[in-house]
Amino acid sequence: DVKVTQSSRYLVKRTGEKVFLECVQDMDHENMFWYRQDPGLGLRLIYFSYDVKMKEKGDIPEGYSVSREKKERFSLILESASTNQTSMYLCASSFPPNNSYEQYFGPGTRLTVT
Amino acid sequence: RKEVEQDPGPFNVPEGATVAFNCTYSNSASQSFFWYRQDCRKEPKLLMSVYSSGNEDGRFTAQLNRASQYISLLIRDSKLSDSATYLCVVMDSGYSTLTFGKGTMLLVSP
């Protein structure tokens, strides 16, 4: 069964803290993605990766960075958390384009920055 | 800027009703189209892909009109369990990144 897990379901951090959100998939997928989801704004792509040590900016990369040292793990980093980064963060993974476009999502991390 | 537009709803329908959602997309070069379903406080999951010839999966029918850049989803014989937010999703050429609409909320009542 397909599985994408995220390190925390709920997280509360203070302004200025460095925050790490971890995502692990057990499907040997090459593609991994980080989104944030906000009411009225929908899902927006932050960063994505097509291979180990490879990363590409999505639509809203400002204030975020990522790391992909192993195929199964994709980390999202908030270098200095701000209140406008309070959101639901969703990780997803998928096969390469010649296999399937379906993205499998993790359960999400609801991050609150105070 | 890539955009996918949907009516946010909510659509309130009784059990057994037929309901249709529409979606428009801005990028004429878009190549693949999907409907995802998201239950309250859950992650999105693929409901079905959308093909030019139209496709059907049980009570669900999806249609694509490339000329009008329009996608639709029809749900027949609505069930209580169909209550969810339905996300229209478009994939452009090149990398397999997806652009999500903001979703249409469906509430099916007894």
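Highlighted here are the strands (runs of 3 or more DSSP E) found entirely within the stretch B:20-110 that include at least 1 residues which are touching a strand residue (DSSP E or B) at 6+ places or on another chain (Cβ under 6 Å) and within 13 Å of another protein chain (Cβ to nearest Cβ): B:32-38, B:44-50, B:84-91, B:98-100, B:104-109.
Scanning the stretch B:8-44 for residues that are within 25 Å of A:LEU90 (Cα to Cα), over 11 Å from the mean Cα position of the chain (by Cα) and in contact (Cβ under 8 Å) with a residue 24 or more places away in the chain yields a total of 12.
With respect to B:GLU3, determine if the residue is within 14 Å of chain A (Cβ to nearest Cβ) and either under 24 Å from A:GLN6 (Cα atoms) or not hydroxyl-bearing (Ser, Thr, Tyr) (or both). Quick ask: steps written out before the conclusion?
On the way: within 14 Å of chain A (Cβ to nearest Cβ): yes; either under 24 Å from A:GLN6 (Cα atoms) or not hydroxyl-bearing (Ser, Thr, Tyr) (or both): yes.
Against the criterion (within 14 Å of chain A (Cβ to nearest Cβ) and either under 24 Å from A:GLN6 (Cα atoms) or not hydroxyl-bearing (Ser, Thr, Tyr) (or both)), B:GLU3 qualifies.
So, in the stretch A:40-81, of the ones that are touching a residue at least 40 places away in the same chain (Cβ under 8 Å) and out of contact with any strand residue (DSSP E or B) (no Cβ under 6 Å at 6 or more places or on another chain), which residue ends up surrounded by the most Cβ atoms within 10 Å (Cβ to Cβ)? Top of the filtered list is A:LYS71. Of all the listed residues (A:TYR89, A:TYR10), the sole one being closer than 20 Å to A:LEU111 by Cα and either at the interface with another protein chain (Cβ under 10 Å from one of its Cβ atoms) or touching a Phe, Trp or Tyr at 6+ places or on another chain (Cβ under 8 Å) (or both) is A:TYR89.
In the stretch A:12-38, the residues that are within 21 Å of B:PHE100 (Cβ to Cβ) and surrounded by fewer than 14 Cβ atoms within 10 Å (Cβ to Cβ) form Cβ pairs under 9 Å with partners that are at pLDDT 95 or above and of a type in the set (S, T, N, Q), at six or more places apart or across chains, as follows: A:ASP38/A:THR86; A:ASP38/A:SER87. Screening B:GLU5 with (1) of a type in the set (Asp, Glu); (2) outside any strand (DSSP E or B); (3) under 14 Å from the mean Cα position of the chain (by Cα) gives one miss only, at (2).
Candidates are the residues of the stretch B:45-58 that are touching a Ser or Thr at 6+ places or on another chain (Cβ under 8 Å) and exposed (fewer than 15 other Cβ atoms within 10 Å of the Cβ); the one that is nearest to A:SER94 (Cα to Cα) is B:ASN55. In summary, B:LEU87 fulfils each of the numbered conditions (1) modelled with pLDDT of 95 or more; (2) out of contact with any Phe, Trp or Tyr (no Cβ under 7 Å at 6 or more places or on another chain); (3) closer than 17 Å to A:PRO39 by Cα with the single exception of condition (2). For the stretch A:23-63, the set of residues classified as over 24 Å from A:SER80 (Cα atoms), out of contact with any Pro (no Cβ under 8 Å at 6 or more places or on another chain) and either among the acidic types (Asp, Glu) or not in a loop (DSSP other than H, G, I, E, B) (or both) consists of A:GLN25, A:ASP26, A:ASP28, A:ASP51, listed by residue number.
The values are calculated or read from the model by the stated rules, or taken from the named source; none is laboratory data. What you see is a predicted model; the values in this text were computed from it and never measured. Please note: Cβ atoms are built from the backbone with ideal geometry, for glycine as well, and neighbour counts cover all protein chains shown.
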